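Novice: Encoded as structure tokens, here's the structure I'll be asking about.
The values are calculated or read from the model by the stated rules, or taken from the named source; none is laboratory data. Source: prediction; values computed, not measured. Please note: Cβ atoms are built from the backbone with ideal geometry, for glycine as well, and neighbour counts cover all protein chains shown.
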Amino acid sequence: MRTSAEYLSDLMKLKANVYVGGKTVGRDDPRIMPGIRVMSTTFDWAQGPDWEDLMTATSPLTGGRVNRFTCPPRNPYDLMQKQKMIRLLAQRAGGCIQRCMGYDALIALSIATKEMDDKYGTEYNRRFTNYLKYYQERDLTAACAQTDMKGDRTKRPSEQSDPDAYVHVVEVRNDGIVVRGAKISITMVAYADEIIVIPTRAMRESDKDYAVAFAIPADWDGVRLITRPVWVRERKELGAPLAEYGVSDSVVVFDNTFIPKERVFMCKEWEFGRRLALLFADSHRHSYTGCKPAVSDILCGVTALVAEANNIEGIAHVRQKLSEFAGGGELSYAAGIASALFGERTSSGTFFPNATYVNVGRRLMGETIYHEYNILTEIAGGLLVTLPFEEDFFAEPTKQDLDKYIKRNPKLSSEEQHRIWRLVESVGASAMTSWYQIAGVHGGGSPIMETITLNAEYDYESKKDIAKYLAGISKELDQSKYLKEKPTF
């Protein structure tokens, strides 16, 4: 397994294809480094013996221990470790750990490629298995590029006035394919080793050119990464872990990009467009039952800390507000655990979470994210957005003024209270605040997408059967399905 230093060294060897603010930049650009530092935690914590069982797994391909972010789960325990790993890492990084994107794409492809081979006699699973072994041996990171530009939302991919609105195959050759188009809102691709592309939606036969999946190095010829980094205001005096972290998202442009045959995992199998898209979405929603509770943990902790700074921590309505964090975060986490216990082993050997539980868990957090930020706002008060600049706390004569007037709780020093308020500002009133709020709604699929999935998959008829029995319309109530259902441990 790589160290974070080796990961950084490998990134610096990539060709310059990242664009920020109208210029080509290296991957050592200071605006990109906050995201790199987040990714580095996934290497650092895999090295320690206390975290070994959580951060690593035994690969059936290599026979050795590999980073868990590279190894699709084989049983419920693996799924629960995945969820726990993401939550604990996210607590340390102050939020989104980012590496789960590529992990969930690997999980989805491990299943879909086997199912396509079973139906069509293709060799996608062999190609993918070879790629996965290569990926594990090198402890790589990948960005999953799923979301297309989409163009006119009322039209299907093949109906667009601009055919490049969705990434599509423009040429099939003996040695591979050529693709064109763009993916949008792709997190961490500017500091990933690889890009994994999958479909974003269900397809019809007329859309078959858009049913494509592949993996390429992030600096591959014909790929441009138009990137928007986000980070909190730089600290001058009061260094803190949260101030070191950030994120970058990119528009990923494929400009007549050649993809080698061995790196192609779907090519025009339009019937599997929906299947592969949903496999990724549901796996990513399982990841969200780890990271979204972590965001809730952070918001809860910051809110409790600022309540202490305001010396109102023991007030009844404040305690009631704090309990709302536990109500959302722990319910979502519990849904993730349930999804593992009632998951299924697929034909590829990958163990997959129960779709109902991951969707209800993800939807809950998407619906409550702004409410949780509002709780922080209510408890913190206006200083959340009016806090003087850090320099004013260290320059005379304003230093004496602020040291005196920042104090609200006599049990806390001026520096402790300044640190608390600087944290509150970073979490509740920064560029990262907006990123986490919008990602909290839309990342991994907005609540309406979870609702659509639930409406497609949920067994409403069995619920009507209960009502019919209770009403006396039906004489019997068939519960055999639920009697046979057992946890998979």
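Novice: What number of residues within the stretch 76-95 satisfy the criterion of being more than 17 Å from residue 285 (Cα to Cα) and among the basic types (Lys, Arg)?
Specialist: Looking only at that region, the number is 1.
Novice: Identify, please: which residue in the stretch 321-343 is among the aromatic types (Phe, Trp, Tyr) and over 11 Å from residue 287 (Cα atoms) and is, among those, modelled with the highest pLDDT?
Specialist: Restricting to residues being among the aromatic types (Phe, Trp, Tyr) and over 11 Å from residue 287 (Cα atoms), the top hit is 342.
Novice: Could you tell me which residue of the stretch 172-225 is farthest from the chain's Cα centre (by Cα), considering only residues that are assigned to a helix (DSSP H, G or I) and surrounded by 23 or more Cβ atoms within 10 Å (Cβ to Cβ)?
Specialist: 210
Novice: Here is a follow-up. Go through the stretch 114-156 and give me each residue that's over 23 Å from residue 63 (Cα atoms) and either among the polar types (S, T, N, Q) or part of a helix (DSSP H, G or I) (or both).
Specialist: 115, 116, 117, 118, 119, 120, 122, 146, 147, 154
Novice: Now a separate question. Out of all the residues in the stretch 421-453, which are outside any helix (DSSP H, G or I) and within 16 Å of residue 285 (Cα to Cα)?
Specialist: 443, 444, 445, 446 - these are the residues of the stretch 421-453 that are outside any helix (DSSP H, G or I) and within 16 Å of residue 285 (Cα to Cα).
Novice: Could you please give the count of residues in the stretch 353-390 that are touching a helix residue (DSSP H, G or I) at 6+ places or on another chain (Cβ under 9 Å), surrounded by fewer than 18 Cβ atoms within 10 Å (Cβ to Cβ) and part of a helix (DSSP H, G or I)?
Specialist: The qualifying residues number 8.
Novice: Just one of (1) touching a residue at least 24 places away in the same chain (Cβ under 8 Å); (2) surrounded by fewer than 18 Cβ atoms within 10 Å (Cβ to Cβ); (3) among the polar types (S, T, N, Q) trips up residue 417, so point out which.
Specialist: (2)
Novice: Is it the case that the stretch 68-75 has a residue that's charged (D, E, K, R) and assigned to a loop (DSSP other than H, G, I, E, B)?
Specialist: Yes, there is a match, as at least one residue in the stretch 68-75 is charged (D, E, K, R) and assigned to a loop (DSSP other than H, G, I, E, B).
Novice: Take the residues in the stretch 120-158 that are charged (D, E, K, R) and without any contact (Cβ under 8 Å) to a residue 12 or more places away in the chain, then tell me which one is farthest from residue 44 (Cα to Cα).
Specialist: By that ranking, first place goes to 155.
Novice: Can you tell me which residue within the stretch 1-32, out of those that are in a helix (DSSP H, G or I), in contact (Cβ under 8 Å) with a residue 12 or more places away in the chain and not acidic (Asp, Glu), is farthest from residue 70 (Cα to Cα)?
Specialist: Applying the filter and picking the extreme gives 12.
Novice: Any idea which of 169, 247, 230, 223 is within 24 Å of residue 113 (Cα to Cα) and of a type in the set (Val, Ile, Thr)?
Specialist: When all the criteria are applied, what remains is 169.
Novice: Given the conditions (1) more than 26 Å from residue 251 (Cα to Cα); (2) in contact with a strand residue (DSSP E or B) (Cβ under 8 Å, 6 or more places away or on another chain); (3) part of a loop (DSSP other than H, G, I, E, B); (4) of a type outside the set (Lys, Arg), which single one is not true for residue 63?
Specialist: In the conditions (1) more than 26 Å from residue 251 (Cα to Cα); (2) in contact with a strand residue (DSSP E or B) (Cβ under 8 Å, 6 or more places away or on another chain); (3) part of a loop (DSSP other than H, G, I, E, B); (4) of a type outside the set (Lys, Arg), residue 63 misses (2) alone.
Novice: Sticking with this structure for a sec: Within the set of pairs 6 or more residues apart or between chains, which connect a residue that is surrounded by 11 or more Cβ atoms within 10 Å (Cβ to Cβ) inside the stretch 474-486 to a residue that is of a type outside the set (Gly, Ala, Ser) with Cβ atoms less than 7 Å apart?
Specialist: 474/465; 474/468; 477/465; 477/466; 477/469; 478/465
Novice: Still on this structure, please answer the following. From 105, 57, 112, which residue is aliphatic (A, V, I, L, M), under 23 Å from residue 441 (Cα atoms) and surrounded by 21 or more Cβ atoms within 10 Å (Cβ to Cβ)?
Specialist: Among 105, 57, 112, only 105 is aliphatic (A, V, I, L, M), under 23 Å from residue 441 (Cα atoms) and surrounded by 21 or more Cβ atoms within 10 Å (Cβ to Cβ).
Novice: Can you pull out the residues in the stretch 42-60 that are out of contact with any Phe, Trp or Tyr (no Cβ under 6 Å at 6 or more places or on another chain), over 13 Å from residue 1 (Cα atoms) and part of a helix (DSSP H, G or I)?
Specialist: 49, 50, 53, 54
Novice: Determine whether residue 250 is surrounded by 22 or more Cβ atoms within 10 Å (Cβ to Cβ), in contact with a Phe, Trp or Tyr (Cβ under 6 Å, 6 or more places away or on another chain) and of a type in the set (S, T, N, Q).
Specialist: no
Novice: Now, a different point. Quick one: what pairs do we get from the stretch 367-382, first residue farther than 16 Å from residue 440 by Cα and modelled with pLDDT of 95 or more, second among the aliphatic types (A, V, I, L, M) and in a helix (DSSP H, G or I), C-beta under 8 Å, 6+ apart or different chains?
Specialist: Partner pairs satisfying both residue conditions: 377/384; 379/306; 379/307; 379/318; 380/306; 380/424.
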